[in-house]
Structure formats: structure tokens, C-alpha cells
Amino acid sequence: MDVLVLLGRVLFGLLFLGSGYGHLAQRQMMAGYAASKGVPAANLMVPLTGLQILVGALMVALGIWPDVGALLLVAFLLPTAFIMHGFWAETDPGAKTMEQTQFLKDLALAGAALVMFAVFAYLGDDLGLVLVSPLFTLS
């Protein structure tokens with residue numbers, strides 16, 4: 001069971017590691033896109049959220065307070081879904097479909113991260129194969 005949970009944590013974290021790296025490596029392009037979506041201080045927010053998701057992904061994957069890492073990812077995904085992927089405002093059918101897909105993907109990933117948070121907090125020290133046990137406790 002421990003190995004399956006570790007594998008799931010690592011696979012889940014890979015998506016966010018790539019995205020976080022993109023936020024930093026392609027900061028100007030991503031800041032321009034974020035600004036076009038109405039994100040205030042996009043030049044500051046893009047690298048900050050890049051660091052947020054990198055830290056969250058590493059915490060989940062490596063097992064360093066993985067519950068906190070999962071919450072960092074939720075805190076990125078929920079606002080991102082609504083701010084960056086407002087499909088309801090699109091008039092072009094293709095753009096609307098793409099934004100709706102991205103919106104639902106972000107909500108689904110946020111849901112998965114919430115489930116991870118709950119599992120990590122519930123299992124606590126029994127989680128196994130972590131460097132630092134979950135910080136929160138649910139029973």
C-alpha cells in the first residue's frame with residue numbers, strides 16, 4: 001500500500017512540477033496571458049504561484065508535510081479555475097470548449113488534492129514512505 005500511495009503522490013506531483021517550472025521559465029509570456037485575463041500584478045503573481053505549485057508538488061511527492069502541500073495546490077487550483085478559465089464569458093465555441101475543459105480539469109485536480117489532504121491527515125504517521133509526517137490530523 002505504501003508504494004502505491006508513493007507512486008500516486010509522485011505521478012500527481014509531476015504535472016505541477018512541470019507547470020511550476022513553466023511559470024518561472026516562461027514568466028514574461030505567462031504574465032502577459034495572466035494580465036489579459038485580468039490578474040492584478042501578473043508580473044508578480046506568475047512567479048509567486050509558480051513557486052507555490054512547485055513547493056506544493058514537492059511536498060506531496062517527497063512526503064514533506066504532504067497534507068500542507070496538497071492544500072497549497074488546492075489554493076492555486078480553485079482561484080485559477082475561476083480567474084483564468086471563465087468559459088462562461090467566451091463567445092467563440094472552440095475557445096469556450098477549451099476554457100471549459102481547463103476549468104473542469106482544475107476543479108477535478110483541486111478535488112483530488114482535497115482527497116489527498118484528507119487521506120494524509122487521516123492516516124497521519126501511518127501514511128508511510130514520507131520524510132515528514134502530515135501536519136494536520138483528521139479522525
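The values are calculated or read from the model by the stated rules, or taken from the named source; none is laboratory data. Being a predicted model, the structure only gives us computed values, none of them experimental. Cβ placement follows ideal geometry from the backbone for every residue including glycine, while neighbour counts extend to all protein chains displayed.
How many of the residues in the stretch 35-60 are within 11 Å of the chain's Cα centre (by Cα), closer than 16 Å to Asp106 by Cβ and among the hydrophobic types (A, V, I, L, M, F, W, C)?
Looking only at that region, the number is 2.
Identify all residues within the stretch 20-60 that are hydroxyl-bearing (Ser, Thr, Tyr) and either surrounded by 19 or more Cβ atoms within 10 Å (Cβ to Cβ) or touching a Cys at 6+ places or on another chain (Cβ under 6 Å) (or both); write none if there are none.
Within the stretch 20-60, just Thr49 meets the criteria.
Any chance the stretch 85-106 includes a residue that's without any contact (Cβ under 8 Å) to a residue 60 or more places away in the chain, surrounded by 15 or more Cβ atoms within 10 Å (Cβ to Cβ), farther than 19 Å from Val10 by Cβ and in contact with a Ser or Thr (Cβ under 7 Å, 6 or more places away or on another chain)?
yes
Determine if the stretch 5-13 includes at least one residue that is touching a Gly at 6+ places or on another chain (Cβ under 6 Å) and assigned to a helix (DSSP H, G or I).
no
For Ile64, work out the one condition from (1) within 18 Å of the chain's Cα centre (by Cα); (2) modelled with pLDDT under 95 it doesn't fulfil.
All conditions pass for Ile64, except number (2).
Just checking, which of Gly69, Gly50, Gly56, Gly111 is in a helix (DSSP H, G or I) and either out of contact with any helix residue (DSSP H, G or I) (no Cβ under 7 Å at 6 or more places or on another chain) or of a type in the set (Lys, Arg) (or both)?
The conditions single out Gly111.
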